[in-house]
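Each remark here refers to the structure printed beneath this line.
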């Protein structure tokens, strides 16, 4: 499934998590992701399909886990990360903003830039 969206400004929470707990992210993804995510606003919400997760307790956030879905952004192998508050099922920016990470800085990171996300369903 291919989804088009636009980069929007984020809050910087993932940059902090990935900088403070790089070994946890590397172990989970099999690579050292670039610190932070690109936030991609889409027209229709799409729920995350879990491929794996980081337990929140492993990064000092026991109330929520981080759910990962393998994807591509503009043809590059990447991951969507969805914070999942364990009590409510909510978290992050919601299902209409996809938080995408990659092992390198993604060059299309300017707010307003249109990107293509491919998920495998």
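No value in this document is a laboratory result; all are computed from the given coordinates. Owing to the predicted nature of the structure, the values given are computational and were not obtained by experimental measurement. Note: ideal-geometry Cβ built from the backbone for every residue, glycine included; neighbour counts use all protein chains shown.
For the reader, a short list of remarks on this structure follows.
- For the pair residue 20 and residue 88, the difference between a 0.36 nm per residue extended length and the Cα-Cα distance amounts to 21.9 nm.
- Sorting 71-78, 83-90, 8-15 by average packing, meaning the other beta carbons within 10 Å per residue, from highest down gives 71-78, 8-15, 83-90.
- Residues 40, 2, 119, sorted so that the one with the fewest Cβ neighbours within 10 Å comes first: 2, 119, 40
- Where a label projected 7 Å from the Cα of residue 96 along Cα→Cβ would reach, residues of the range 11-28 with amide N under 19 Å: 11
- Calculated mean residue ellipticity at 222 nm for the chain: -3500 deg cm²/dmol, from DSSP H runs with n ≥ 4 weighted as -39500 (n - 2.57), summed, divided by the residue count and rounded to 500.
- Taking 102, 21 and counting other C-beta atoms within 10 Å, the order from fewest to most: 21, 102
- The range 1-66 and the range 70-87 have Cα centres spaced 6 Å apart.
- Residues 118, 20 arranged by fewest to most Cβ contacts within 10 Å: 20, 118
- Treating each Cα of the chain as an identical point scatterer and summing with the Debye formula, the log10 of I(q)/I(0) at q = 0.10, 0.17, 0.18, 0.20 Å⁻¹ comes to -0.26, -0.79, -0.90, -1.14.
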